[in-house]
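What follows is a set of notes on a single structure, which appears directly below.
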Amino acid sequence: MFEKLSSPKPDAILALLATYNADTRPDKMNLGVGVYMNEKGETIILDSVKKAEARLLEAETTKTYVGLSGDKGYNQAMQEIVFGDSVANERVNGVQATGGSGALRVLSKLTARMRPDAKVYVSDPTWPNHYALLQTEHTEIEHYPYFDAATCSVDFAAMAAKLRTLTANDVVVLHGCCHNPTGANLSNEQWDEVAEIAVEVGFLPFIDIAYQGFGDGLEADAYGVRKLASSVDEMLVAVSCSKNFGIYRDRVGCAFAIGKDQASAELANANMQNISRGIYSMPPDHGASVVRIIWDNPELRQLWQDELVAMCTRMTSLRNKLADEFKRQSGGDKFEFIRIHRGMFSLMGLSVEQVIELRDAHGIYMIEDSRVNIAGLQEENIPRVVKSILAVS
Ligand code: LMR
């Protein structure tokens, strides 16, 4: 029977990683998959995580199931990190999920239950896996304009104009911060306008926030999600701890529904639990316990926040150095957008052919749409990266 299956198209991001791993050139550079790397190119475990794991090992007494909604202390921690005090506690209800991807899946199925014929709008472009995670048997996925390739910034006039044409039955997926793949983000004023449009039109905002703390800091990066949470009656939020806690393989995320009142939030939550039961039953415990321990302990919380600031500062500094070097080598301002973009990624504006040439001739790996992972750079390699990009473009 298996021969009846067709071969699926490989995921562009993960396939690139496999090609990179198989490359034997010693000076190859991985600017592909969105994983933070330090100045040595290593993805190390944060000290705060290691310390919390030691406490967990000591205190843990059972491996019985955590329950459908997961660790309630973890969900509360995530609520505080993401929403602050922007929305009344009883209107927010979360379930622990298997990474941001698990949260997106649970919430897309919830959307399909509520609005079976909804059109789900994603930014053009968006993270490629959004299509698979947001697709259900009922969903139509459409785009709203987002990135202006000529200026490498958000085409907000086009985005806002499109959002104004939507209906109350539509769902709009927004990247909470650090847009993946472009690196171009909404300003606070633009978030204010998106919130105004959402209230006016009545579409359901569905925020994916996977890089909180990697842009301008933990609080600043939550501006958009908090603005919408304090403006609309209902919204969905998928959160990932993979990047900001560096616990990628532990699969830690949270799916939130904000309801207009406590009863509607609880009903949404009961549905989310029922949906996750039908996908993976119950979430894994380890990583979520680690996050809860860190957040609940003032000393570990401070250590984690310092480590997060260090990762964020390194990426901002690499952005500035990369932009400086482009200016120095090219004599022009074409790549100044790298300085303005925020988060782990920037779209470099190269063609697929140029990206392939960079990989084949120069050993520099980026995603085919020319997305680079800024954290994959090392200071000493920046001149080489710039020289190679200028050589192919
Ligand atoms: C990425 O965008 O590279 C990351 O979110 C990893 C992934 O799963 O695609």
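The values are calculated or read from the model by the stated rules, or taken from the named source; none is laboratory data. Quick caveat: nothing in here was measured; it's all calculated off a predicted structure. Here Cβ is always computed from backbone atoms with ideal geometry, including for glycine, and neighbour counts include all displayed protein chains.
Find the residue count for the stretch 82-113, including only residues that are out of contact with any strand residue (DSSP E or B) (no Cβ under 8 Å at 6 or more places or on another chain) and among the aliphatic types (A, V, I, L, M). Number of matching residues: 2. Assess whether GLU137 counts as being acidic (Asp, Glu) and not in a loop (DSSP other than H, G, I, E, B). It is false that GLU137 is acidic (Asp, Glu) and not in a loop (DSSP other than H, G, I, E, B).
Based on what the data block shows, is ILE364 touching a helix residue (DSSP H, G or I) at 6+ places or on another chain (Cβ under 7 Å), modelled with pLDDT of 95 or more and within 14 Å of the ligand (Cβ to nearest atom)? Steps first, answer last, please.
Values: touching a helix residue (DSSP H, G or I) at 6+ places or on another chain (Cβ under 7 Å): yes; modelled with pLDDT of 95 or more: yes; within 14 Å of the ligand (Cβ to nearest atom): no.
Here the answer is no, as ILE364 does not meet what is asked.
You will find that of ALA198, ALA210, ALA157, the residue that is more than 21 Å from the chain's Cα centre (by Cα) and under 23 Å from PHE337 (Cα atoms) is ALA157 and no other.
I'd like the residue in the stretch 314-346 that is touching an Asp or Glu at 6+ places or on another chain (Cβ under 8 Å) and charged (D, E, K, R) and, out of all such residues, is nearest to THR182 (Cα to Cα). The qualifying residue nearest to THR182 (Cα to Cα) is ARG342. For the stretch 230-248, residues that are within 21 Å of GLY73 (Cα to Cα) and not aromatic (Phe, Trp, Tyr) total 11.
Scanning the stretch 370-384 for any residue that is over 30 Å from LEU308 (Cα atoms) and either assigned by TED's automatic domain parsing to the domain that holds PHE147 or out of contact with any Cys (no Cβ under 6 Å at 6 or more places or on another chain) (or both) turns up nothing.
The sole residue among ALA77, ALA103 that is of a type outside the set (Val, Ile, Thr) and in contact with an Asp or Glu (Cβ under 8 Å, 6 or more places away or on another chain) is ALA77.
Taken together, the residues in the stretch 339-358 that are surrounded by fewer than 22 Cβ atoms within 10 Å (Cβ to Cβ) and either outside any loop (DSSP other than H, G, I, E, B) or outside the structural domain of GLU39 (by TED's automatic domain parsing) (or both) amount to 7. Total residues in the stretch 112-134 satisfying the condition of being assigned to a loop (DSSP other than H, G, I, E, B) and within 16 Å of the ligand (Cβ to nearest atom): the figure is 4. In this entry, GLY332 passes the filter for residues that are farther than 30 Å from LEU134 by Cα and either assigned by TED's automatic domain parsing to the domain that holds GLY34 or among the aromatic types (Phe, Trp, Tyr) (or both). If only residues of the stretch 367-381 that are in a helix (DSSP H, G or I) and surrounded by fewer than 18 Cβ atoms within 10 Å (Cβ to Cβ) are counted, the one that is farthest from the ligand (Cβ to nearest atom) is GLU380.
Listed by position, the helices (runs of 4 or more DSSP H) enclosed by the stretch 1-108 that each have at least 2 residues that are under 16 Å from ASP250 (Cβ atoms), among the basic types (Lys, Arg) and at pLDDT 95 or above are 47-59.
A quick yes/no check of all residues on (1) of a type in the set (Phe, Trp, Tyr); (2) within 16 Å of the ligand (Cβ to nearest atom); (3) surrounded by 18 or more Cβ atoms within 10 Å (Cβ to Cβ); (4) farther than 23 Å from ASN180 by Cα:
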site	(1), (2), (3), (4)
MET29	no, yes, yes, no
ASN38	no, no, no, no
ALA52	no, no, yes, yes
THR62	no, no, no, yes
GLY70	no, no, yes, yes
GLN79	no, no, yes, no
SER86	no, no, no, yes
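Scanning the stretch 167-196 for residues that are of a type in the set (A, V, I, L, M, F, W, C), touching a strand residue (DSSP E or B) at 6+ places or on another chain (Cβ under 7 Å), under 19 Å from VAL232 (Cβ atoms) and part of a loop (DSSP other than H, G, I, E, B) yields CYS177, LEU186.
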